[in-house]
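A quick write-up on the structure given underneath.
The values are calculated or read from the model by the stated rules, or taken from the named source; none is laboratory data. Quick caveat: nothing in here was measured; it's all calculated off a predicted structure. For neighbour counting, all protein chains shown are included, and Cβ atoms are generated from backbone atoms with ideal geometry for every residue, glycine included.
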């Protein structure tokens, strides 16, 4: 699969004429086409347009204190409450030229608990994104992100970009207190080969690994890979019609639980979509199609079937507000569970710049999973997740800011003791941050 994708990239670069595409949001000008959300690997912007800045080096350190309710350490069925203290340095860079845009972020986190200091941990988070315009109408985008954590609540829920694409692995399931490593990478090439037509290819891969600890009881390691091809036609300056074909393979590898063989889900998805830009900073998208999947697990006979797939999204980026809402329906596997699940999921991200000094954000996720075949070992009947976070912050002078936050997770998954023993968890916290910003190349 990877060799085929690289070959297609090389073919496109060798034959691409001087047409171009824009990879941002908003209505296009008379020649440039946009990358509609259903096929954009970049995702909706998090910042408001008034907050966006490029060619800056940013850094700082955050001191956070909070209280975790219903923390399950993995020993027995009794939950505990703990005070949590977080020290998190961070550094990031955003560099833009006429042809390229690169961003980089690294933020380790030192987490301390009281009274149970044995839960103390060091977490890591880093990501890099790159966009490059090879010619006026050929654009390449790639990114990679790594997270190593033992407390999902130590980072704001839904702090990153929300994607308008169909999810590749089971969305929404959160394992709050299991030590885990997650890595996700993607690459995408778009070619506008005529005034109103664009095609492209992308590939992605993910890895999820849980430490062999009681906190990960009932969970499974997994990895996935896939590739897609898409075509979109611009009906007019503000309307796009297109289709995408995606192949994906997800392998759940139950190295934590003995006696259960790995499960392999292969899926082919064909989806048509329509996107309209009522305003230059507002997009509405919806689409639907069919999916053929095949689930295999030795020595059980393979299960094959067809299922519907669907997506919808709204994205807005104003001077003082950014908003994204997405919905998807698809059969997936992975993210800690084994088996194939018919999944409905919705994600919300809302960010306000209330004034020059005050900011607020709201994030939420709901997902519902229903198994398509209980005969596979380790498969769950399903379950649902409801999570959210509210943050209010204020700038204190040039280099300091303060924020308060409330996060809550409610989950119902029978068979995952790391979740069923503590179905509700929350964190109330306050933080103060010192930050600096320096221009690059000036």
Legend entry - Pairs where the first residue, in region 307-328, is more than 30 Å from residue 295 (Cβ to Cβ) and the second is assigned to a loop (DSSP other than H, G, I, E, B) and at pLDDT 90 or above, C-beta under 7 Å, 6+ apart: 316/281; 317/281; 318/281
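Residue-wise test of (1) part of a strand (DSSP E or B); (2) in contact (Cβ under 8 Å) with a residue 60 or more places away in the chain; (3) touching a helix residue (DSSP H, G or I) at 6+ places or on another chain (Cβ under 9 Å); (4) closer than 25 Å to residue 335 by Cα.
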position: 376; (1), (2), (3), (4): no, yes, no, yes
position: 386; (1), (2), (3), (4): yes, no, no, yes
position: 390; (1), (2), (3), (4): yes, no, no, yes
position: 393; (1), (2), (3), (4): yes, no, no, no
position: 398; (1), (2), (3), (4): no, no, no, no
position: 401; (1), (2), (3), (4): yes, no, no, no
position: 404; (1), (2), (3), (4): yes, no, no, no
position: 407; (1), (2), (3), (4): yes, yes, yes, yes
position: 411; (1), (2), (3), (4): yes, yes, yes, yes
Inset, instruction - For region 168-183, indicate whether the set of residues that are surrounded by fewer than 19 Cβ atoms within 10 Å (Cβ to Cβ) and more than 22 Å from residue 378 (Cβ to Cβ) is non-empty. - result: yes
Inset, instruction - Looking only at region 201-210, decide whether some residue is within 20 Å of residue 262 (Cβ to Cβ), touching a residue at least 24 places away in the same chain (Cβ under 8 Å) and either in contact with a helix residue (DSSP H, G or I) (Cβ under 8 Å, 6 or more places away or on another chain) or not in a strand (DSSP E or B) (or both). - result: yes
Inset, instruction - State whether one or more residues within region 289-302 are under 24 Å from the mean Cα position of the chain (by Cα), at pLDDT below 90 and under 30 Å from residue 213 (Cα atoms). - result: no
Inset, instruction - Please go through region 373-383 and pick out each residue that is crowded, with 18+ Cβ neighbours inside 10 Å and closer than 16 Å to residue 413 by Cα. - result: 378, 379, 380, 382, 383
Inset, instruction - Please enumerate the residues belonging to region 204-216 that are under 21 Å from residue 413 (Cα atoms) and surrounded by fewer than 20 Cβ atoms within 10 Å (Cβ to Cβ). - result: 209, 211, 212, 213, 214
Legend entry - region 108-139 - residue that is over 28 Å from residue 71 (Cα atoms) and not in a strand (DSSP E or B) and, of those, nearest to the chain's Cα centre (by Cα): 137
Legend entry - Hey, residue 229 at pLDDT 95 or above, over 23 Å from residue 172 (Cβ atoms) and buried (at least 16 other Cβ atoms within 10 Å of the Cβ) or not: yes
Inset, instruction - Report whether or not residue 419 is over 27 Å from residue 55 (Cβ atoms), within 18 Å of the chain's Cα centre (by Cα) and surrounded by 19 or more Cβ atoms within 10 Å (Cβ to Cβ). - result: no
Inset, instruction - Kindly check whether there is at least one residue in region 140-163 that is at pLDDT 90 or above, on the phi < 0 side of the Ramachandran plot and assigned to a loop (DSSP other than H, G, I, E, B). - result: no
Legend entry - Selected residue (only one of 246, 262 is crowded, with 17+ Cβ neighbours inside 10 Å and at pLDDT below 90): 262
